[in-house]
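Peer 1: I'd like to ask you about the structure that follows.
The values are calculated or read from the model by the stated rules, or taken from the named source; none is laboratory data. Since the structure is predicted, the reported quantities are computational estimates derived from the model, not experimental observations. Cβ atoms come from the backbone with ideal geometry, glycine included; neighbour counts cover every protein chain shown. We work out accessible area using only protein heavy atoms, side chains counted, and drop any ligands, DNA or RNA first. Shrake-Rupley method; radii C 1.70, N 1.55, O 1.52, S 1.80 Å.
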Amino acid sequence: MAEAFGIDRRSLIAGATALGAATAARGARAQEKPVIDERTVLIVVDVQNDFCPGGKLAVPGGDEVVPVINALAKRFSHVVMTQDWHPAGHSSFASSHPGRQPFEMVAMPYGQQVLWPDHCVQGTKGADFRPDLDVTPVQAIIRKGYRKEIDSYSGFVEADRTTPTGLTGYLRERGILRTVIVGLATDFCVNWTAQDAARAGFDTYVVEDACRAIDLEGSLAKAWAEMAENDVSRIKTADLPG
Ligand code: VGL
Ligand code: ZN
């Protein structure tokens, strides 16, 4: 029933969009499938060594997204990547909180924070993009999580929910209306990046087979539910035009 309602609402708002709004406004529902044109950007989230098998915060199957993303990126004229980029001793690391273990929660001034194993430390191999990831088509790399006291899952706004990374302005200046989001991890950085993209007014799509999840205690199902509630469309690579 919820799905039937979702489709209904989507087509209603798609109709309203066709009638008027030239720019994607908050609340404007993305169409079922995106076009890939001069106003569409591919955002590749955190495809870094530490999030792949053998890395410090390995996402199961994380490396499997690489060939999928390499093929996809060739079809976009705008490609941006995000890079998790923490200083040593970052406040999201369990090692910075005596007596605490990775994957426990801790209260930060900006809210609840998962504590992670040390990962993506600036200048280390773990923070590098996967060597087989084709970075040739990439026009901009947005680094995030570089402030010691604030984490940033999102490529748009840090975890305090107020500090912008500059990505919204960059995409707006380039005339972007649609974002297609892929990478690691579905339930954390992809999720937050996608919700913020939609909130910023971009029609937003997450390509599920070009993502992999950490899935901590149901976080993946929760992430998909939150994304759906916040106007993020879930698609597959096969839904994209060739
Ligand atoms: C991420 C946890 C910590 C991610 C980054 O890229 O999803 N997850 N830092
Ligand atoms: Zn991180």
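Peer 1: Mind running the shape call on the chain? Use the C-alpha gyration tensor, a ≥ b ≥ c as the square roots of the eigenvalues: rounded below 1.5 for a/c, prolate if a/b tops b/c, oblate otherwise.
Peer 2: Prolate is the answer for the chain, as a/c is 1.5 or above and a/b outweighs b/c.
Peer 1: By per-residue mean of other Cβ atoms within 10 Å, what is the highest-first order of 112-123, 149-160? Let's see the in-between values first.
Peer 2: Details: 112-123: 17.8, 149-160: 22.8.
Highest-to-lowest ranking by the protection proxy: 149-160, 112-123.
Peer 1: While we're on this one: For the stretch 36-239, with every protein chain kept in place, what is the accessible area per residue (1.4 Å probe, Å²)?
Peer 2: Working: 8210 Å² over 204 residues.
Roughly 40 Å² per residue, with all protein chains present.
Peer 1: Hey, any idea what % of the chain's accessible area is carbon plus sulfur with a 1.4 Å probe? Walk me through the numbers on the way to the answer.
Peer 2: Working: 6120 of 10920 Å².
Percent of accessible area from carbon and sulfur atoms in the chain: 56.
Peer 1: Less than 13 Å apart at the alpha-carbon level, and either on another chain or at least 8 residues along: which aspartates and glutamates does that give for K148?
Peer 2: D84, D118, E158, D160
Peer 1: Shifting gears a bit: Mind checking which lysines have their C-alpha under 23 Å from K33, skipping anything on the same chain fewer than 8 residues away?
Peer 2: K74, K222, K236
Peer 1: Then there is this: Can you spot the lysines whose alpha carbon is less than 20 Å from K144's alpha carbon? Ignore those fewer than 8 places along the same chain.
Peer 2: Partners within reach: K56, K125.
Peer 1: Also, quick follow-up: Please name which of T124, A210, L72 has its Cα lying farthest along the dipole of the stretch 36-239 towards the positive end, using unit charges on Cβ (Lys, Arg +1; Asp, Glu -1) and the Cα centre as origin.
Peer 2: Going by the charge dipole, the pick is T124.
Peer 1: Which whole-number percentage describes the relative contact order of the stretch 36-239, with Cα contacts under 8 Å and a sequence gap of 6 or more?
Peer 2: Working: 452 pairs, mean separation 48.0, N = 204.
Value for the stretch 36-239: 24 percent.
Peer 1: Let me ask you something else. With the cut-off at 1.5 for a/c, could you classify the stretch 104-211 from its C-alpha gyration tensor as rounded, prolate or oblate?
Peer 2: Working: a/c = 1.58, a/b = 1.19, b/c = 1.33.
It is oblate, given that a/c is not under 1.5 and a/b is not larger than b/c.
Peer 1: Lys/Arg Cβ at +1, Asp/Glu Cβ at -1, dipole of the stretch 36-239 taken about the Cα centre: which of P164, G55, W192 is farthest positive-ward?
Peer 2: It is P164.
Peer 1: On a C-alpha basis, how far is the centre of the stretch 153-228 from the centre of the stretch 62-101 in Å? Whole number, if you could?
Peer 2: The stretch 153-228 and the stretch 62-101 have Cα centres separated by 12 Å.
Peer 1: Between rounded, prolate and oblate, where does the stretch 142-186 land on the alpha carbon gyration tensor, with a ≥ b ≥ c its root eigenvalues, rounded for a/c under 1.5, else prolate if a/b exceeds b/c? List each step's numbers first, then the result.
Peer 2: On the way: a/c = 2.56, a/b = 1.44, b/c = 1.77.
Cα axes put the stretch 142-186 in the oblate bin.
Peer 1: As a check on your grasp of the helix formula, calculate [θ] at 222 nm for the chain: sum -39500 (n - 2.57) over DSSP H runs of n ≥ 4, divide by the residue count, round to the nearest 500.
Peer 2: Details: 5 runs with 54 residues, N = 242.
Result for the chain: -6500 deg cm²/dmol, rounded to the nearest 500.
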